[in-house]
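Data first, discussion second: the structure below is written as structure tokens.
The values are calculated or read from the model by the stated rules, or taken from the named source; none is laboratory data. Only a predicted model underlies this, so the values are computations on that prediction, with no experimental measurement involved. Note that we place each Cβ from the backbone using ideal geometry, even for glycine, and neighbour counts take in every protein chain shown.
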Amino acid sequence: MTAGPQVGLFATCLVDLCRPSAGFAAASLLEKAGCGVNVPRTQVCCGQPAYNAGDIENGSDGQEA
């Protein structure tokens, strides 16, 4: 564990599916800056792709208040 700040990295489903290298690069950059990086294994899709496509009902399924 690093002595620097601990950060949580939310890698969106779009990053995970379309550009995983961007998520790995973000984690690497944060680690090189001295941060401890935590990517929660239980994160789920927030519904943004469906919401952006106009599917408001299903797009809000992953959102929490």
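Brief remarks on what is shown
- Considering residues of the stretch 31-65 that are part of a loop (DSSP other than H, G, I, E, B) and of a type in the set (A, V, I, L, M) only, the residue modelled with the lowest pLDDT: A65
- Among the residues making up the stretch 10-54, those that are of a type outside the set (S, T, Y) and touching a helix residue (DSSP H, G or I) at 6+ places or on another chain (Cβ under 6 Å) are A11, V15, A22, G23, V37, C45, G47, A50.
- Pairs linking a residue in the stretch 3-24 that is modelled with pLDDT of 95 or more to a residue that is among the small types (G, A, S) and in a loop (DSSP other than H, G, I, E, B), with Cβ atoms under 8 Å and 6 or more positions apart or on different chains, are P5/G34.
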